[in-house]
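> Pasting a structure below so you can have a look.
The values are calculated or read from the model by the stated rules, or taken from the named source; none is laboratory data. Everything quoted here is computed from the prediction, not taken from an experiment. For accessibility, only protein heavy atoms count, side chains too; no ligands or nucleic acids. Shrake-Rupley method; radii C 1.70, N 1.55, O 1.52, S 1.80 Å.
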Amino acid sequence: MSVKPGQTVTLTGKTKGIAAGSKLTVQQMDKGKWTTLHASTTVNHDSSYRVRVNLTKKGTEMLRVTDGKTVSPTVTITVH
């Protein structure tokens, strides 16, 4: 997936084993370490989630969604 700087990306998915109402946060790979962004959401009653992230820096961004102990697969986005 590729976007322009400043464009909002929506991450969606379904969870397994995470209770409805649990907080999920978005993490970004930065210099070899996962850092937490200011984007968060909660798990819906049907185990789904949806969170929007605004990407401003050009380059390749690696993102994932986590509840602290469980993490989603990594999504790679090119910002150009």
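> Give the aspartates and glutamates whose C-alpha is closer than 13 Å to that of Lys23, dropping any in the same chain fewer than 8 places away, or say none.
List returned: Asp67.
> Would you mind telling me the share, in percent, of accessible area of the chain contributed by carbon and sulfur at probe 1.4 angstrom? Intermediate results must be reported in sequence, preceding the final value.
Values: 2550 of 5230 Å².
Summing carbon and sulfur atoms, their accessible area is 49 percent of the total for the chain.
> State in Å² the accessible area per residue of the chain; use a 1.4 Å probe, count heavy atoms of protein chains only, and round to the nearest integer.
The answer is 65 Å² per residue.
> Related question: Along the three principal axes, how long is the chain when you take its alpha carbons, biggest first, rounded to the nearest angstrom?
36, 23, 19 Å, listed from the longest principal axis down.
> Let me check against my output: what whole-number percent is the relative contact order of the range 15-55, with C-alpha pairs under 8 Å and at least 6 apart?
Computed over the range 15-55, the figure is 42 percent.
> GNM on the chain, C-alpha springs below 10 Å: top fluctuator among Thr60, Thr36, Thr25?
Thr60
> Could you work out the relative contact order of the chain? I mean the mean sequence separation of Cα pairs under 8 Å and 6+ apart, divided by the number of residues, in percent.
Numbers: 170 pairs, mean separation 30.9, N = 80.
It rounds to 39 percent for the chain.
> Moving on to the next point. Would you kindly state how much longer the chain becomes between Val3 and His38 on full extension, computed as 0.36 nm times their sequence separation minus their alpha carbon distance, in nm to one decimal?
Numbers: separation 35, 0.36 × 35 = 12.60 nm, distance 1.94 nm.
Extra length available between Val3 and His38 comes to 10.7 nm.
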